[in-house]
Structure formats: C-alpha cells, structure tokens
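Have a look at the structure below, then the notes.
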Amino acid sequence: MGCARSGRYTRFLCTAGALALICPVSAAERIEQTFVKENFRVITKSAVQIGDAPDHELRQEVTLGDVTYSDTRFGTTQELVYLTTDEVAGKGRHRGYFVGTHRDGSQCYGEFEGSTKLVTRPDGSWEATWEGAHRYLSGTGKCKGIEGGGTYKGSVSPTRPAREEGRETIRFAGN
C-alpha cells in the first residue's frame, strides 16, 4: 500500500507517517503514583532555642527511611532526608532536600517544603503531623531527567511510628 493509492485510510496513514518523521513524538512518559514512607531512622539531630519566644526552636535533622512506590518500576528505595524546621509552640515550617537511592544504584534528588504541627492533649499524649509539597531536581541512572513532584502528609505519636503518604506526577525529560 503506497501513499499514491487513494482512500481516506491510506491518506491518514501516509500523513501520520510523514508527521512522525518531521515531528517525532517525545518518549517522555508521564507516571502518576503514590508512595508510603516508613521506618524512619534519625542519623543526626540538633536543635537551638531562639530567645524571641519561650518555645521557639530551630532544628536540623538527617534521617533515613524506606519509601515504597505504587509503580513497580520504582519499587522500594532508601531515602536520605536533610530537614530544617522552624517551630514556635510546636507549629511551624519545614524545608529540605532528599536523595532516594534505588536498588540498582539510581538516585533521585529533590527538595520539599511544608508545615508541621504538634498537638498535645489534656491527658499528656501528643501527635505530630506534617504536610507539604516536593519536586524533583535531578537524578542518575533510571532517574536521569526526572521532572515533577507531588504532595505528602505524615504523622507520628508515642503509640504509632512515623508514616508519610503522598502522591506525585513525574516524567523523564530527554529520555
């Protein structure tokens, strides 16, 4: 079947083929996935009290956690997080950077920012919650050219270990 042959179907195929040669379609695949972060381990932590308020604290932490993604190509990663928090009376802002290392050695690097809140109940029990947004900045291996980001929410209490859940939309530019 050649392009000279008449018929709507043939013209459509010839036009589509010519356009594909002139304007190649990007191979960037859009991935929407969820994730769960658990098993947080504190590597280092420091805090300083600020004198402008009786309970104003600046804190820096480095943590390591396990992240499980709904897309099996991402599987489970170990994520190193560099976190800075500025809180007054248990409420404030946090921001930082993360490096997720996949089993094949690929790394995804990004930044995040959000809010934190500590609630103490009359019985003395407490719960800390946080939420925010993240975005990918770069990556290596299968994360090379990663773009996009998403949102997250987490909590921890004396009776429940820290757990964070989120959603993200990513793609890989130039791949």
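Laboratory data are not the source of any read-out in this text; all were calculated from the coordinates shown. If you're wondering where the values come from, they're calculated on a predicted model, not measured in any experiment. Heads up, the Cβs are rebuilt from the backbone with ideal geometry, glycines too, and the neighbour counts pull from every protein chain shown.
Summary table below
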item	result
Normalised contact order of the stretch 21-100, rounded percent, pairs of Cα under 8 Å and 6 or more residues apart	24
Using distinct alpha-carbon pairs, which all enter the 1/r mean, Kirkwood radius of the stretch 57-127 in Å	14.0
Hull-based mean projected area of the stretch 27-172, where the convex hull spans the alpha carbons, in square nanometres	9.1
Cβ-based net charge around Gly148, under 10 Å, with every Lys or Arg adding one and every Asp or Glu removing one	0
Under 15 Å, Cβ to Cβ, from Val48 - net charge with Lys/Arg +1 and Asp/Glu -1	-4
For Leu58, Leu80, order by how many other beta-carbon atoms lie within 10 Å, fewest first	Leu58, Leu80
Average Cα contact separation per residue, the stretch 27-172, under 8 Å, 6 or more apart, as relative contact order %	21
Cβ-defined net charge surrounding Ser157, 13 Å radius [Lys, Arg +1; Asp, Glu -1]	+2
